[in-house]
1. Run the count for the chain, please: Lys pairs, Cα-Cα under 29 angstrom, 8 or more apart or on different chains.
2. 5 Å is the cut-off here: which amide hydrogens, built 1.01 Å from N in the peptide plane, fall below it relative to Leu112, excluding neighbours closer than 5 in sequence?
3. Based solely on its DSSP helices, what 222 nm [θ] is calculated for the chain when runs of n ≥ 4 H residues each add -39,500 (n - 2.57) and the sum is averaged over all residues, nearest 500 deg cm²/dmol?
4. To the nearest 20 debye, what is the magnitude of the charge dipole of the chain about its Cα centre, counting +1 on the Cβ of each Lys and Arg and -1 on the Cβ of each Asp and Glu?
Amino acid sequence: MRVEFYYHSEVEPAQNYYCNNQNALELLKKLEEKGVQVKVVDMKDFEGSIFRTYNAAVTGPTSSKRSVFGTKGALEEDFGRTVPALLVFEKEGDRYPTEVFPRMDRELGRLLGIEEAIQMLIDKA
């Protein structure tokens, strides 16, 4: 499994998709200690286009596990900035994630945020 976290260290996440970035980073360290490959990208230092990653987040997962990206609430310009993003890949070489957070979870009937998702991954690892 591989996990990628996109956030902006100088931008406060939007309230409707809130994530405590510092807490998420601490949780990711715990996940990494369990042997999961973790990539963290601070968009403050990112240069170039994020479109390919954004597009993978929008089109990769099944519709039941699709992220909030691509909806009216979180567009490409929000990706990793006002809406931090967590992408979960099953295998190292996968181009498309199997899960992206935050997302509306049909089983839970509510938004499943990044911190909760990381904790679930820790519990599974």
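1. Close lysine pairs under the 29 Å cut-off: 24.
2. Sorted by chain and number, the residues that satisfy this are Arg103, Met104, Asp105.
3. Values: 3 runs with 33 residues, N = 125.
Mean residue ellipticity at 222 nm (helix-derived): -8000 deg cm²/dmol.
4. Values: 17 positive and 21 negative charges, 85 e Å.
It works out to roughly 400 debye.
Any read-out appearing in this document is the output of simple, stated calculations on the displayed coordinates, not a laboratory observation. Everything numeric in this text was worked out from a predicted model, so none of it was measured. Counting neighbours? That spans all protein chains shown, and the Cβs are built from the backbone with ideal geometry, glycine included.
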